[in-house]
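Shown next, in structure tokens, is the structure this report addresses.
The values are calculated or read from the model by the stated rules, or taken from the named source; none is laboratory data. Small disclaimer: the values here were computed from a predicted structure and weren't measured. Backbone-built Cβ (ideal geometry, glycine too); neighbour counts: all protein chains shown. Protein only, heavy atoms only, side chains kept; ligands, DNA and RNA dropped before computing areas. Shrake-Rupley method; radii C 1.70, N 1.55, O 1.52, S 1.80 Å.
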Amino acid sequence: MPSSLIDVLQRHRGDVELLHLPAGPSELTSLADVLDRLPDPRRVRGRRYRLGSLLALCLLAVLGGASTLAGIARYAVDITPDVREMIGLRRLPRATTLGRLLARLDGDALDDAVGAWLARHATDPVDDDFPELVGVAVDGKAVRGSRQGTRAAIHLLAVCEQW
């Protein structure tokens with residue numbers, strides 16, 4: 001059974017620094033278009049929302065910190081009308097609508113599409129306004145024997161940048 005959408009998106013959340021996430025109209029529109037190409041598990045009759053618009057909303061909400069369907073629905077209420085228009089969302093979906101869609105969606109296909117879209121923006125920035133991406137490796141350890149009584153252990157942190 002494929003993993004849930006929220007798990008898939010949270011897995012990619014650590015790969016992208018939110019400050020460098022493309023947020024221009026063309027980037028959000030291209031995200032919705034990429035997600036529109038996924039196989040739609042819904043019946044043709046009764047569709048009220050584009051698949052790409054709903055999935056782009058879910059992606060943005062999870063990257064913004066939402067971890068539940070209700071959180072994604074609240075995020076949809078809080079975003080500006082301009083962002084809603086950029087992703088092609090004309091009205092607000094309910095959490096139950098999102099839940100039904102995400103329960104039927106192929107998580108592996110979504111994982112591939114989101115990963116490819118994020119990787120494209122992480123390796124080849126579209127806009128020169130963003131600073132160059134830098135790789136950072138972080139490692140930390142608690143010093144053995146440094147915890148005494150109620151005093152917390154001493155922690156060492158090492159950070160290595162790669163240009």
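Tabulated results
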{"quantity": "Residue ID - least open to solvent (accessible area, probe 1.4 Å), chosen from residues in region 73-112 that are among the β-branched types (V, I, T) and within 20 Å of D33 (Cβ to Cβ)", "calculated": "I87"}
{"quantity": "Breaking point among (1) open to solvent by 60 Å² or more (accessible area, probe 1.4 Å); (2) of a type outside the set (V, I, T); (3) at pLDDT 65 or above, for L118", "calculated": "(1)"}
{"quantity": "Hits in region 34-53 - residues which are hydrophobic (A, V, I, L, M, F, W, C), in contact with a helix residue (DSSP H, G or I) (Cβ under 7 Å, 6 or more places away or on another chain) and either open to solvent by 10 Å² or more (accessible area, probe 1.4 Å) or over 18 Å from A116 (Cα atoms) (or both)", "calculated": "V34, L38"}
{"quantity": "Of the criteria (1) modelled with pLDDT of 85 or more; (2) closer than 30 Å to L157 by Cα; (3) not basic (K, R), which one A73 fails", "calculated": "(2)"}
{"quantity": "Lone unmet requirement of (1) surrounded by fewer than 18 Cβ atoms within 10 Å (Cβ to Cβ); (2) modelled with pLDDT of 65 or more; (3) closer than 17 Å to A119 by Cα for E27", "calculated": "(2)"}
{"quantity": "Cβ-Cβ under 8 Å pairs, at least 6 apart or on other chains, region 147-163 side at pLDDT 90 or above, far side not hydroxyl-bearing (S, T, Y)", "calculated": "none"}
{"quantity": "Residue count for region 54-68, restricted to those that are out of contact with any Lys or Arg (no Cβ under 7 Å at 6 or more places or on another chain) and crowded, with 20+ Cβ neighbours inside 10 Å", "calculated": "9"}
